[in-house]
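Student: Okay, here's the structure, questions in a sec.
The values are calculated or read from the model by the stated rules, or taken from the named source; none is laboratory data. Given the structure is predicted, the values throughout are model-derived calculations rather than measurements. Glycine gets a Cβ as well: all are built from the backbone with ideal geometry, and neighbour counts include every protein chain shown. Areas reflect the complete protein model, heavy atoms only, side chains present, ligands, DNA and RNA absent. Shrake-Rupley method; radii C 1.70, N 1.55, O 1.52, S 1.80 Å.
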Amino acid sequence: MATAETVELGPPHAPKEESLKVFSEIEHELKKTLLHMKHTYLKHEPEYFAAVQSLPDSDLTSFSSSDLEQVRVGVSAYGLHLFGKLRLPAMPDAGPAYVHFRAFVGGDGHQEPGVATLHCIHTEDREEPDGGRKYRAIFTKEDPLEWFDT
């Protein structure tokens, strides 16, 4: 299993041709999964999507490859791991306006070599200094794009 300890991510950079190709292959699934997560979390943990709660679904998924602002890439024995920072164009510049996602492209030994799949959309459950919890799935421009499993 690929982990932050076993896969070294390259530095954050603007997406290049190969990253944009991967994004285009997972874009439909990314939009579908984002909407599903928003509706599911609003029932049980609304704080995750509080930043976009009032945003219509069509606006939430109005992004395209031109909104992919940053990527980090790592390679494992299984294939390529692409982490992306995607700007939600319907959100104001100030405040939460980004989704972090993880995609995977299987390598030669994988059951589907060369096929890009959406691995997950990042959700954060963090303990605050006061002992409370902070939940979010929408991030700010300043939030670093780091390894995540969920």
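Student: Quick check: residue separation of Asp59 and Glu5 times 0.36 nm, minus the Cα distance between them. What number comes out in nm?
Tutor: Result for the pair: 15.8 nm of gain on full extension.
Student: In Å and whole numbers, how far do the C-alpha atoms of region 82-146 stretch along each principal axis, longest first?
Tutor: 47, 30, 15
Student: Now, a different point. Given H placed 1.01 Å from N in the peptide plane, which residues other than close sequence neighbours of Ala97 have an amide H under 5 Å from its amide H?
Tutor: Sorted by chain and number, the residues that satisfy this are Phe139, Thr140, Lys141.
Student: Ranked highest first by the average count of other Cβ atoms within 10 Å around their residues, in what order do 66-73, 91-98 fall?
Tutor: The densest-packed peptide leads the list: 66-73, 91-98.
Student: Which order do peptides 38-47, 24-33, 74-83 fall in by mean Cβ count within 10 Å, highest first?
Tutor: Top to bottom by mean Cβ count within 10 Å: 74-83, 24-33, 38-47.
Student: How much length is gained if the chain between Val115 and Asp130 is pulled fully straight, taking 0.36 nm per residue apart and subtracting their Cα-Cα distance, in nm to one decimal?
Tutor: Difference between extended and current length: 1.0 nm.
Student: For region 51-104, state what percent of all Cα-Cα pairs lands in each successive 10 Å bin, counting from 0 Å until the bin that includes the largest distance.
Tutor: Going out from 0 Å in 10 Å bins, region 51-104 shows 23, 45, 23, 9, 0 percent.
Student: What percent does the relative contact order of region 37-150 come to when contacts are Cα pairs within less than 8 Å and at least six residues apart?
Tutor: 24
Student: On C-alpha positions alone, give me the angle between the axis of helix 17-44 and the longest principal axis of the chain, in degrees, nearest 10.
Tutor: The answer is roughly 40 degrees.
Student: Report, please, the projected area of region 24-74 averaged over directions, based on the convex hull of its C-alpha atoms, in nm².
Tutor: 4.5
Student: Still on this structure: From zero outward in steps of 10 Å, how is the percent of C-alpha pairs of the chain spread across the bins?
Tutor: In whole percents, the pair-distance histogram is 11, 41, 34, 13, 1.
Student: Computed FRET efficiency, Cβ-Cβ of Glu142 and Glu47, R0 25 Å: what is it to the nearest 0.05?
Tutor: 0.80
Student: Just to confirm, what accessible area per residue do you get for region 1-93 at 1.4 Å probe, in whole Å²?
Tutor: Spelled out: the 1.4 Å probe surface of region 1-93, per residue, equals 55 Å².
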